[in-house]
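Reviewing the structure listed below.
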Amino acid sequence: MRDVLESVGNPQEAFRSVHIAGTKGKGSTAIMLEAILRRAGMRTGLYTSPHLVHLFERIRIGRREIRESEFVTALNALDPAMRRLRPTFFEIVTAAAFWLFRRSRVEIAVVEVGLGGRLDATNVIRPEFSIITTIDYDHTELLGRTLAKIAGEKAGIVKPGVPVFTSERKTEPRKVIEACARKAGSVIARVGRELRIRTPSVRDPRVIEFVLEVDGRPAARIRLPMPGRHQMENAALAAAVALRLGVSRGIVERGLAGVRLPGRIERVARRPEVIVDVAHNPVSIRALRRALWPCAGRCWLVFGTSRDKDFRTMLRELAPATDVGLLTRARSPRAVPPAELARVAPFPSVTIGSVARAVRLALRRAAPRDRVLVAGSFYVAGEALEELRKGR
């Protein structure tokens with residue numbers, strides 16, 4: 001990756017950056033932080049993965065996704081290095097993002113790790129801050145089968161002297177992150193210690209409100225226009241880093257008040273209510289189920305996932321919120337066949353060969369007071385959103 005970037009003049013050195021790793025919440029944290037920095041008047045870059053509907057969602061300059069012509073220009077610049085070094089798809093897209101950030105004179109880029117951290121293609125930047133969100137079991141065949149090993153891979157983004165912010169509270173992985181920070185001589189700020197979340201009584205389950213305290217003092221009053229208490233920790237990390245970057249309290253609060261998280265418990269229609277979520281492992285599925293507000297009618301679950309996921313546990317977690325399952329598969333070679341999902345589903349279900357057909361059937365069968373819930377993977381969420389947008 002360094003060789004590829006050196007061939008085009010090391011574009012990653014042309015802008016400031018914040019680097020974000022973690023098992024869950026890193027994409028949401030990245031989107032929130034970029035929204036705050038953009039609200040503060042900075043020229044921002046945002047690099048996230050995977051995409052929901054199309055590739056260019058991964059690279060944003062300010063509010064907009066890059067254009068196809070810009071991506072082609074970046075690929076042309078990288079072509080000699082690609083022919084010589086044969087980088088992977090993710091390495092190519094990452095290099096293109098950094099090249100475009102430099103070309104567009106981005107001041108600061110928020111960069112999400114693709115997988116792991118230590119060996120990730122993004123781990124060539126020297127950020128101003130490193131963020132590590134919650135650690136849990138995912139990609140264990142690559143990152144390790146214990147939380148300590150997974151945390152060690154995620155904490156591989158920690159750089160000497162670069163402050164670290166983390167929302168991880170579990171003892172085993174937290175100690176690994178703390179040890180990595182000490183070894184690097186990096187100050188660490190932890191949710192639950194240096195960063196505290198004070199929550200008022202819940203008035204509306206579809207809105208998140210809390211006060212962020214930094215080192216024992218109120219620093220911001222946050223109101224997020226979305227459900228899911230698990231998003232509080234992500235917002236706390238984004239707000240704390242923005243404050244350390246010199247953004248005022250008012251801008252932090254207004255930036256988060258207007259943020260939108262595509263595919264994160266996203267309500268895209270009413271009557272019937274349609275909710276799309278990218279939850280793709282047992283922990284995120286559990287968080288989704290806990291965040292759902294009561295449904296007046298039946299819940300039609302459109303579900304599909306990848307073979308490397310613990311889909312049995314995911315389906316068990318969704319059972320209390322599901323009346324009928326429409327089990328399907330995304331256009332991915334790693335997708336679990338719907339018949340295999342049906343064999344272990346703990347609720348009445350049918351199998352459908354494509355996400356688009358499953359969504360159409362759910363909408364036809366659902367009554368106005370019912371709910372259609374889409375979950376299981378980024379690919380399933382993306383294909384569902386693509387189908388739903390056709391009707392707009």
- Any idea which residue in segment 344-365 is surrounded by the most Cβ atoms within 10 Å (Cβ to Cβ), counting only those that are outside any helix (DSSP H, G or I) and touching a Gly at 6+ places or on another chain (Cβ under 8 Å)? 345
- Give, as residue ranges, the helices (runs of 4 or more DSSP H) completely inside segment 225-314 that count at least 1 residues that are of a type in the set (Ser, Thr, Tyr) and within 20 Å of residue 329 (Cβ to Cβ). 282-291
- In the set 176, 106, the lone residue that is of a type in the set (A, V, I, L, M, F, W, C) and part of a loop (DSSP other than H, G, I, E, B) is 106
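Yes or no, residue by residue, for (1) polar (S, T, N, Q); (2) under 15 Å from residue 97 (Cα atoms):
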site: 10; (1), (2): yes, yes
site: 17; (1), (2): yes, yes
site: 36; (1), (2): no, no
site: 47; (1), (2): no, yes
site: 52; (1), (2): no, no
site: 80; (1), (2): no, no
- Note on the structure: Within segment 311-321, the count of residues that are more than 22 Å from residue 226 (Cβ to Cβ) and in contact (Cβ under 8 Å) with a residue 40 or more places away in the chain comes to 1
- How about segment 133-166: which of its residues are within 25 Å of residue 10 (Cβ to Cβ) and of a type in the set (A, V, I, L, M, F, W, C)? 155, 157, 158, 162, 164
- Message: Which pairs turn up if I take residues in segment 171-197 that are over 19 Å from residue 237 (Cα atoms) and look for partners that are outside any helix (DSSP H, G or I) and modelled with pLDDT of 95 or more with beta carbon separation below 6 Å, at least 6 apart in sequence or on another chain?
- Response: 184/158; 184/160; 185/160; 185/161
- segment 200-217, residues that are assigned to a loop (DSSP other than H, G, I, E, B) and either of a type outside the set (D, E, K, R) or free of Cβ contacts under 8 Å to residues at least 40 places away in the same chain (or both): 200, 201, 202, 203, 204, 205, 207, 215, 216
- Among the listed residues 249, 267, 254, which satisfies the condition of being out of contact with any Gly (no Cβ under 9 Å at 6 or more places or on another chain), within 16 Å of residue 31 (Cβ to Cβ), surrounded by fewer than 24 Cβ atoms within 10 Å (Cβ to Cβ) and not aromatic (Phe, Trp, Tyr)? 254
- Item | Residues that are small (Gly, Ala, Ser), on the phi < 0 side of the Ramachandran plot and loosely packed, with under 15 Cβ neighbours inside 10 Å, drawn from segment 184-215 | 201
- Query: Does residue 84 qualify as being assigned by TED's automatic domain parsing to the domain that holds residue 8 and modelled with pLDDT under 95?
  - Reply: no
- Of (1) part of a strand (DSSP E or B); (2) under 21 Å from the mean Cα position of the chain (by Cα); (3) crowded, with 18+ Cβ neighbours inside 10 Å, residue 220 satisfies all except one. Which? (2)
- Message: Can you find, within segment 366-391, the residue that is nearest to residue 284 (Cα to Cα) among those that are modelled with pLDDT of 95 or more and loosely packed, with under 15 Cβ neighbours inside 10 Å?
- Response: 369
- Item | Condition check for residue 283: of a type in the set (A, V, I, L, M) and surrounded by fewer than 24 Cβ atoms within 10 Å (Cβ to Cβ) | yes
- Message: Among the residues that make up segment 50-58, is at least one of them among the aromatic types (Phe, Trp, Tyr), in a helix (DSSP H, G or I) and without any contact (Cβ under 8 Å) to a residue 40 or more places away in the chain?
- Response: yes
- Taking first residues from segment 241-254 that are in the same structural domain as residue 196 (by TED's automatic domain parsing) and second residues anywhere that are surrounded by 18 or more Cβ atoms within 10 Å (Cβ to Cβ) and of a type in the set (S, T, N, Q), the pairs with Cβ under 9 Å that are 6 or more apart or on different chains are 241/29
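Name the one entry in 276, 283, 268, 259 that is modelled with pLDDT under 90 and out of contact with any Pro (no Cβ under 6 Å at 6 or more places or on another chain).
So the residue among 276, 283, 268, 259 that is modelled with pLDDT under 90 and out of contact with any Pro (no Cβ under 6 Å at 6 or more places or on another chain) is 283.
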- Item | Condition met for residue 181 (outside any loop (DSSP other than H, G, I, E, B), in the same structural domain as residue 17 (by TED's automatic domain parsing), crowded, with 22+ Cβ neighbours inside 10 Å and over 22 Å from the mean Cα position of the chain (by Cα)) | yes
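The values are calculated or read from the model by the stated rules, or taken from the named source; none is laboratory data. The shown structure was predicted, so the numbers you read here are calculated from the model rather than taken from an experiment. Counting neighbours? That spans all protein chains shown, and the Cβs are built from the backbone with ideal geometry, glycine included.
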